[in-house]
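Worksheet for the structure shown next.
What follows is calculated from the coordinates using simple rules that are stated; it is not laboratory data. Note that the coordinates shown come from a computational prediction; the quantities given were computed from them, not determined experimentally. Neighbour counts run over all protein chains shown; Cβ positions are idealised from the backbone, glycine included.
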Amino acid sequence: MGVPAVRVRLDESAASGLAHIVQQYLEQDLADVDRKRRLAARLRGRVAMTASDHDVTVTLAFDGAEIVIFDGPRPPLDASIAGPHAALVRLLQGEAHPLVEHLRGRLRVRAKLRHLLLPLRLHHLVRLAPGDAHGR
């Protein structure tokens, strides 16, 4: 028996291209992989993702049952990931590790002490597994 789906949805006011890209990648990641749905069901908190070269931010709110994507920062934020649009897309595609990219200076990753592992858990959700065709 499969793991129940975690709904991914855009907030009704979310209209940015980044919000739609994030939704698309997360929906694809959760569509057919029970392991990823289990991970998503355990995530709690809010992560802001900022494409610094396009001056656009989205917030991902995880509550276990669904992931809601908002335009702009939506406090209270537990973590943030900022960098060029291309670096964020690589992260969402599962091709980049947020902490490695932070150390290389390509992304700026911050988290509250209580949610220190949230960016890493997001990475585990989207990363490519061996044999995945780009995680899809």
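So, in the stretch 45-98, how many residues would count as being among the basic types (Lys, Arg) and surrounded by fewer than 21 Cβ atoms within 10 Å (Cβ to Cβ)? Of the residues in the stretch 45-98, 2 are among the basic types (Lys, Arg) and surrounded by fewer than 21 Cβ atoms within 10 Å (Cβ to Cβ).
Taking the stretch 92-125 as the range and being of a type in the set (A, V, I, L, M, F, W, C), under 25 Å from residue 66 (Cβ atoms) and in contact with a Pro (Cβ under 8 Å, 6 or more places away or on another chain) as the test, the residues that pass are 109, 111, 120, 122.
For residue 5, only one of the following conditions fails: (1) within 15 Å of residue 125 (Cα to Cα); (2) in contact with a His (Cβ under 9 Å, 6 or more places away or on another chain). What is its number? Answer for residue 5: the failing condition is (2).
Please go through the stretch 8-17 and give me each residue that is touching a residue at least 24 places away in the same chain (Cβ under 8 Å) and either over 20 Å from residue 120 (Cα atoms) or over 12 Å from the mean Cα position of the chain (by Cα) (or both), ordered by number. Selection gives 9, 10, 11, 13, 14, 15, 16, 17.
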